[in-house]
Structures are given as structure tokens and as C-alpha cells.
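The values are calculated or read from the model by the stated rules, or taken from the named source; none is laboratory data. None of the values given here were measured: they were computed from a predicted structure. Counting neighbours? That spans all protein chains shown, and the Cβs are built from the backbone with ideal geometry, glycine included. We work out accessible area using only protein heavy atoms, side chains counted, and drop any ligands, DNA or RNA first. Shrake-Rupley method; radii C 1.70, N 1.55, O 1.52, S 1.80 Å.
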Amino acid sequence: MKKAIRIITGLVIVGLLIFGIYKVFIDCERTNTFYDKYFTLDEMDYAVLEDELIVKLLDIKDNRCLDADCDREGQYLVKLLVLNEAKIAYVELGTLEPTSFKLEKISLEYTLNLIRVDENGATLTVTPNVEEE
């Protein structure tokens, strides 16, 4: 009985890993673009900038206050994963604050700017800028 439970548990774990890899790497669209250009992503899609930087949109959360008796405005919260060579950064941008984020822990220094999130919360536009010294 213990052996059957271990086998079933192992199969469930392997299945979840395969599903996670599929959702993160296969079930998404790739966009090729350049620095200082606008690009739009849907959830789980990614953009490759000049074959050296990858920006993947993980999630868009709608934190807006839609009730009539609400005293705050709220915002969309966008979660991005940024990869450069073997370095990874997790970035959260909002439509109100912060709309811009300067990455310094990746070998390239640049700024991600959130330009727009559509009303349905499905797409966003990000513009990365290469910092020149």
C-alpha cells in the first residue's frame, strides 16, 4: 500500500512539473523587439530584446476599486520576470506607482517603464531603455 501511495505521489509531482514547464515555456508567444521600442505582451507571453534580454509577463492583477463607496483609486499591478544571461530579476510595476523600475542587479542597466494596461487587464506595453554612461 505504501509503495502504491509513493508511486501515485511521484506521478502527481512529475505531472505538475510537466504542466508548469509547459505553461511557462511552451504555452506562450514570443515577440522579437529592440531597445527603445514599445511592445505589447499578454499574460505568460515574453519578448526577446536584441537576443540578449528576455522580459516575461507573469501576471496582471486588477487592484482597482470598482465600488461606488470606495475611497481609493487602485491600480493594475503587473508582474514581470526579466532574464539576462544567467541572471533573473522579478519586477512589479503598477499603473499608478511605481510605473518605472531601474534594474541594477542584471549585467545590463536599464529601466522598465509601464506605459499602458488595457481595460480588461490582458495586455500591457513596456518600454525598456538602455542607460548610457
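Observations
- Residues of the range 38-63 satisfying the condition of being of a type in the set (Ser, Thr, Tyr) and either at positive phi or part of a strand (DSSP E or B) (or both): Thr40, Tyr46
- Candidates Phe34, Phe39, filtered to the one that is open to solvent by less than 100 Å² (accessible area, probe 1.4 Å), within 19 Å of Leu112 (Cβ to Cβ) and in contact with a strand residue (DSSP E or B) (Cβ under 7 Å, 6 or more places away or on another chain): Phe39
- Pick from the range 1-31, criterion of a type in the set (Val, Ile, Thr) and surrounded by 11 or more Cβ atoms within 10 Å (Cβ to Cβ), ranking: nearest to Ile88 (Cα to Cα): Val24
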